[in-house]
Amino acid sequence: MIYVIGILCMLVFAAVNLYIGITIFETFRYFMPSVNSYIYWTIFLLIVLSFFIGKLSKKILPESASKIFYTIGCYWMAAIFYFIMAVVVFQIINLLHYFFPCIYIYDRVRWKAIFYTISMSVISIVLIDGTYNANSIKLSKYDLQVEKDMTGVEKLNIVMVSDIHAGRIIGKNRLVKLVKNINLVKPDLVILAGDVIDDDVNLNELGDILEPLKNINSVYGVYAVLGNHEYIGGNTDYMVREYRKLNIKLLVDEPEDVDGKFYIIGRNDTACRNFTGRERKDIFQLAEECDRTKLLITVDHKPIDLKNCKNAGIDIQFSGHTHRGQLYPLNFITRKIFKIDWGHLEDCGFNIIVSSGFGTWGPPVRVHSRSEIVQVVLRGASV
């Protein structure tokens, strides 16, 4: 069954790209009749296949060449997404013309060429702006007060980063920049909320890519949980060893008493069930292992199980995963899937912060979404 679905997906992918290729070629031909069809289709085919070339040629091509193909392929995926939207708009206009002849189109061929020229220009601008959004770091700051006294802690300056997706596109230089921005806010506590690495990574290079994380300065240390991509890539055991080298405490369904002042409960990602067959622990079970008179912080890669967290006495949860849709208008879908897909929500003393993430998955582009570091200044009830 999986093979049948895979074949169907490839056929759909081929059909969509063929339609796009013909449409772009006809547009070029209208304005530039002398365009060489052989050169055009050779270049177009290379672009269409670049993602697969980049994925499959890691052991054949030099790593730099393989990364170039992979990056082009990822950009092309975003371009396909927006080109499909352009096709839908074009067909809607044609339907309106069919049902309302008063909408006059004097030259269908010229109209189609002009429409797709404008569409390709808009898509190019969107991808350029999206690249800027993906590479410019936004600091989102929240000042929150919990209902507990937080004895021994006047305030807690917490930095949370999620969805770094370090690997073939998010490299060492981006992590150097990340660490520099984290250290600028002088955090008391740093939380890495899963998907620190991408599922398609070269483990031989990954240690060097992640090395800057060792330079994070934090009073109470750095804590991390696993995300779904660590499981998808089968790299959970590797990350256990790597976090140990980086002096980062990985919490997998376990609470950590931090200096006798507060607790961090790191939850296993729900992907563990699909890839290991194990169920993650119940939040009530984890909370029972803590002194509930103290501040309880939960880190869960996905913003889920919120009602149970509230009922278990959790004060604040940190999550990521959603990317805030990453490509507009996918943010409308993430809003429907999750009670909160980005920002802060408070519910009867329970707080949740969801980050849009630092890195990107697939296209290195963010449209109506930003690369983000979250800072939360947390105060107790007596402050």
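Counting only residues that are over 17 Å from residue 239 (Cβ atoms), part of a loop (DSSP other than H, G, I, E, B) and without any contact (Cβ under 8 Å) to a residue 40 or more places away in the chain, segment 167-203 holds 3 of them. Considering each residue of segment 39-51 in turn, none proves to be under 25 Å from residue 202 (Cα atoms) and modelled with pLDDT under 90. Within segment 243-257, residues that are closer than 14 Å to residue 221 by Cα have Cβ atoms under 7 Å from residues that are of a type outside the set (A, V, I, L, M) and part of a loop (DSSP other than H, G, I, E, B) in these pairs: 249/221, counting only partners at least 6 apart in sequence or on another chain. Within the option set 268, 274, being crowded, with 20+ Cβ neighbours inside 10 Å and out of contact with any strand residue (DSSP E or B) (no Cβ under 8 Å at 6 or more places or on another chain) holds for one residue only, 268.
A quick yes/no check of all residues on (1) farther than 18 Å from residue 317 by Cα; (2) within 18 Å of the chain's Cα centre (by Cα); (3) assigned by TED's automatic domain parsing to the domain that holds residue 371:
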| residue | (1), (2), (3) |
| --- | --- |
| 153 | yes, no, yes |
| 180 | yes, no, yes |
| 191 | no, yes, yes |
| 203 | yes, no, yes |
| 207 | yes, no, yes |
| 214 | yes, no, yes |
| 220 | no, no, yes |
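Filtering segment 303-328 to residues that are crowded, with 24+ Cβ neighbours inside 10 Å and of a type in the set (A, V, I, L, M) leaves 314, 316. Taken over segment 142-166, the residue count meeting the criterion of being under 16 Å from residue 192 (Cα atoms) and in a loop (DSSP other than H, G, I, E, B) is 4. Against the numbered list (1) surrounded by fewer than 24 Cβ atoms within 10 Å (Cβ to Cβ); (2) touching an Asp or Glu at 6+ places or on another chain (Cβ under 9 Å); (3) aliphatic (A, V, I, L, M), residue 296 comes up short only at (1).
Within segment 273-293, the set of residues being assigned to a helix (DSSP H, G or I) and in contact with an Asp or Glu (Cβ under 8 Å, 6 or more places away or on another chain) comprises 273, 283, 286. Are any of the residues in segment 102-110 in a loop (DSSP other than H, G, I, E, B), among the hydroxyl-bearing types (Ser, Thr, Tyr) and within 23 Å of the chain's Cα centre (by Cα)? No: zero hits. Here residue 66 passes the criteria (1) within 27 Å of the chain's Cα centre (by Cα); (2) outside any helix (DSSP H, G or I) except the one numbered (2). Tallying residues that are in contact with a His (Cβ under 6 Å, 6 or more places away or on another chain) and either among the hydroxyl-bearing types (Ser, Thr, Tyr) or surrounded by 20 or more Cβ atoms within 10 Å (Cβ to Cβ) (or both) within segment 194-224 yields 3.
Candidates are the residues of segment 329-345 that are among the charged types (D, E, K, R) and touching a residue at least 12 places away in the same chain (Cβ under 8 Å); the one that is surrounded by the fewest Cβ atoms within 10 Å (Cβ to Cβ) is 339. Among the residues of segment 1-44, the one identified as touching a residue at least 24 places away in the same chain (Cβ under 8 Å) and either part of a loop (DSSP other than H, G, I, E, B) or farther than 19 Å from residue 87 by Cα (or both) is 31.
One residue is enough: does segment 310-317 have a residue meeting the conditions among the aliphatic types (A, V, I, L, M) and free of Cβ contacts under 8 Å to residues at least 40 places away in the same chain? Yes; the residues of segment 310-317 include at least one that is among the aliphatic types (A, V, I, L, M) and free of Cβ contacts under 8 Å to residues at least 40 places away in the same chain.
Of all the residues that make up segment 234-249, how many are among the β-branched types (Val, Ile, Thr) and modelled with pLDDT under 95? Walk me through how you get there before you give the answer.
Start the filter on segment 234-249 by keeping residues that are among the β-branched types (Val, Ile, Thr), which leaves 236, 240, 248.
Going one step further and asking which of them are modelled with pLDDT under 95, we end up with 236, 240.
The qualifying residues number 2.
Just checking, does segment 67-83 include any residue being closer than 24 Å to residue 167 by Cβ, modelled with pLDDT under 95 and of a type in the set (Lys, Arg)? Yes, segment 67-83 has at least one match.
The values are calculated or read from the model by the stated rules, or taken from the named source; none is laboratory data. Note that this is a predicted model, so its numbers are computed, not measured. In this analysis, Cβ positions are derived from the backbone assuming ideal geometry, glycine residues included, and neighbour counts consider all displayed protein chains.
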